[in-house]
Every structure is written in C-alpha cells, then in structure tokens.
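The structure appears right after this line, and notes come after that.
The values are calculated or read from the model by the stated rules, or taken from the named source; none is laboratory data. Treat the numbers as computed from the prediction; the structure is a model and nothing was measured. Note that each Cβ is placed from the backbone with ideal geometry, even for glycine, and that neighbours are counted across all protein chains shown. Surface areas here come from the heavy atoms of the whole protein model, side chains and all, with no ligands, DNA or RNA. Shrake-Rupley method; radii C 1.70, N 1.55, O 1.52, S 1.80 Å.
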Amino acid sequence: MANNELADKDVLIDIFTRADLIMQSDIKFRQMIGAGQLQIVYYPVRGQEVVSSAMMAAVNQEDYLVTIYRGLHDQLAKGIPSKDLWAEFAGKMAGTCKGKGGPMHITHPETGVMVTTGIVGSGIPIANGLALGSQLDKDGKVTVCCFGDGASNIGAFHEGLNMAQVWKLPVIFLCQNNLYSEHTPMAFATSSDSIKQRGEGLGMRSVQVNGNDASAMYAAAKEAVEYARAGHGPTLIEAMTFRFHGHLLGDTSHYIPKEEMEQAKKDDPMPILRQQLLDIQVSEADIAAIEAKNAAIIEEASQFALDAPYPPGEEYRIDVLDVEIAA
C-alpha cells in the first residue's frame, strides 16, 4: 500500500477504535487530576493518538514494545487492559506493577509492553537487547521502540542505532517527533533538519511520515514490520505529530507560538480520521457505538482505580533489590 492510499476499511476502524480510547482516556485523566481525584505526574498525549494506534495495528500482541514516560497512547494501543493500566497510574495493588511503577514505569509482558523508561533515550539499547534475543531465538518477533525527537541527541540513540544496523536487528525505532523536546523547540538543540537524516547517516532504512495521517502511518509501520520480520534489519520511522498540551500537566506551553498551536489543533488527527470513516461508508451509528463502548471502558477502569486498595506496607520491600552495605 502506498503512503498516499487509504488503508483498508477494517484497518481504519481498528486504528480509530484504539485512537479514540486513547483520546478519551487522556481527557479523563486530565479531568480527574484537575478535580483532585488523582494526585499523579501526568504527561498528556492528546494530539499523538494516531501515531501509536497505526503503529500497533501493524504488529502482533507477541511483538515487543519499549516506550517512554509519555507512553499512555503506546500502552493502550498495544493492548494493556484499561483497568490494569488505570490502577497502576493510581498506584494501586491491582495495577500492572502492583502500583509500584506508576505512570512512568509501566510494564505488561502479556501484551508485549516490556519497559516504560523514565530516562530520555534509555529505551533504545533495551530494545536492541530484546531484538537480539528474538534474532538468536529465531522467534520472529519484532521490537518497537518509541521515543521523542529529543532522544535523538542522546548518545544511546547513535550508539543503539549503529548497533542495530550492524547486527541487522529486528527493531523499529519510532521517533514520535512532536517538535518540542520537553520545553525546547527542535531547531534549538538538533543540528540536522530531520531525525530521518540521522538514521540515513548510519546506513539505516529511514523514512519520514505524517504520523497524524492514519493511512500513511500504517503503511510506513507495516512496511517496517515486514522488513524486520524478513530479517533485513531495523527501520527508523520519524513520525511527525504534535502535542496539544504542555510537556506535563501544569505546563502552559508558553514556549510554543500561539499560531503554531492553533494550526495544530485545526489539523487535529481525530476528527480527520472520524470523517474518513464516514467517507468510506462507516455509519455514524457504528462510530458512535465505538465511542460509547470506549467511554464505558474508561468509566469502569477509572472507578476501579479509585476503589482499588493501595499496596500493603510489606509490599514495598518486595521486587526491590535490598543490599546491605558493610560499614
């Protein structure tokens, strides 16, 4: 499928279903934090829903994912059950890591979510390790590693991509380029015009795509997955996107020009994708049913997270390396 062609109807419905769940979840998290029902650090993902939904629609549940602290969209798109995820965000025992990982350290091997890192760029060598294991085991799995544009300035990016290319590892490096590394415009801290150029400099198959275009993003993701699974090695995908809120909740985005933010919101990928479904004869009733089902999932999950108990005191010494240092 060429990048300028619409994806199949079923694929677009799948991507929309994942993306709508992400969008509604992000809205609910911000509402509950604002109301004082949750007291957590939160990194909004509104505006980046389609990137991860299209990427995860192109992989299998058994494939691996390594993501970063702005990872709600990746985690939900990969299939972590909402109740488990919400409970972990809330620090509850029923969460994916028994409440001890929190929003920045989600792990759920059952759906292939192997690591969520809190350090920029640190997931890249970890993804290489997972991909190397798959290569040695010949298990056919592909590893997807998500990060932002700021991570391309970290040493682990250059070292990790070089290693993956030399060893032809089955890994996809997905740079979700929202143009702002924390509070810094890309041009202020990145010497190249694109992240794609950096992959090309290492001899790696590298593509730049409009990550907010569901069909184009899915086509790029599918080609990269097939390339990796066939044993040809890694791909760097630079998916252009935008976040509609600050680096973390409470950040006013004062460093983003007002007109740039306004244009990004006019190009909101969610209404565009919704209209595409209508254009290919998916009925308004069917779309509304998807949205209502997602809303019900989120309502149940958020209430479950509020009602679930915190880990008991003794739990805080479990799963933690306890080393006694001699005087």
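Just one of the listed residues (Gly203, Gly199) is open to solvent by less than 70 Å² (accessible area, probe 1.4 Å), in a loop (DSSP other than H, G, I, E, B) and either on the phi < 0 side of the Ramachandran plot or at pLDDT 95 or above (or both), and it is Gly203. For region 244-297, the tally of residues that are of a type in the set (A, V, I, L, M, F, W, C) and either at positive phi or in contact with a Phe, Trp or Tyr (Cβ under 8 Å, 6 or more places away or on another chain) (or both) stands at 9.
Here region 184-196 is the region considered, the condition is being open to solvent by 30 Å² or more (accessible area, probe 1.4 Å) and touching a helix residue (DSSP H, G or I) at 6+ places or on another chain (Cβ under 8 Å), and the residue that is nearest to Leu248 (Cα to Cα) is Thr184. The residues of region 300-327 that are open to solvent by 60 Å² or more (accessible area, probe 1.4 Å), in contact (Cβ under 8 Å) with a residue 12 or more places away in the chain and either within 30 Å of Ile13 (Cβ to Cβ) or small (Gly, Ala, Ser) (or both), listed by number, are Glu300, Phe304. In this entry, Ala2 passes the filter for residues that are at negative phi, modelled with pLDDT under 95 and surrounded by fewer than 22 Cβ atoms within 10 Å (Cβ to Cβ). Of all the numbered requirements in (1) within 23 Å of the chain's Cα centre (by Cα); (2) at pLDDT 95 or above; (3) under 30 Å from Val207 (Cβ atoms), Leu248 misses one, and that requirement is (2). Quick one: would you say Pro44 is at pLDDT below 95 and closer than 24 Å to His183 by Cα? No. Residues of region 126-158 being touching a residue at least 60 places away in the same chain (Cβ under 8 Å), out of contact with any helix residue (DSSP H, G or I) (no Cβ under 6 Å at 6 or more places or on another chain), in a helix (DSSP H, G or I) and closer than 25 Å to Gln48 by Cα, which ones? Residues satisfying the conditions are Ile126, Ala127.
Taken over region 164-196, the criterion of being farther than 19 Å from Gly129 by Cα and in a strand (DSSP E or B) is satisfied by Gln176, Asn177, Tyr180, Ser181, Thr184, Pro185. Restricting Val209, Val282 to residues that are closer than 26 Å to Ile13 by Cα, β-branched (Val, Ile, Thr) and touching a strand residue (DSSP E or B) at 6+ places or on another chain (Cβ under 7 Å) narrows the list to Val209. What pairs come out if I take residues in region 246-257 that are open to solvent by 50 Å² or more (accessible area, probe 1.4 Å) and pair them with residues that are in a loop (DSSP other than H, G, I, E, B) whose C-beta lies under 7 Å away, six or more apart or interchain? The qualifying pairs are Leu248/Val41; Leu248/Tyr42; Leu248/Tyr43; Leu249/Tyr42; Leu249/Pro44; Thr252/Gly246. Of everything listed in (1) open to solvent by 30 Å² or more (accessible area, probe 1.4 Å); (2) not hydrophobic (A, V, I, L, M, F, W, C); (3) not in a loop (DSSP other than H, G, I, E, B), the single unmet condition for Ser25 is (1). For Leu161, the criteria (1) open to solvent by less than 60 Å² (accessible area, probe 1.4 Å); (2) part of a strand (DSSP E or B) hold in every case but one, which is (2).
Within region 264-299, the set of residues being more than 23 Å from the chain's Cα centre (by Cα) and open to solvent by 80 Å² or more (accessible area, probe 1.4 Å) comprises Gln275, Asp279, Gln281, Glu284, Asp286.
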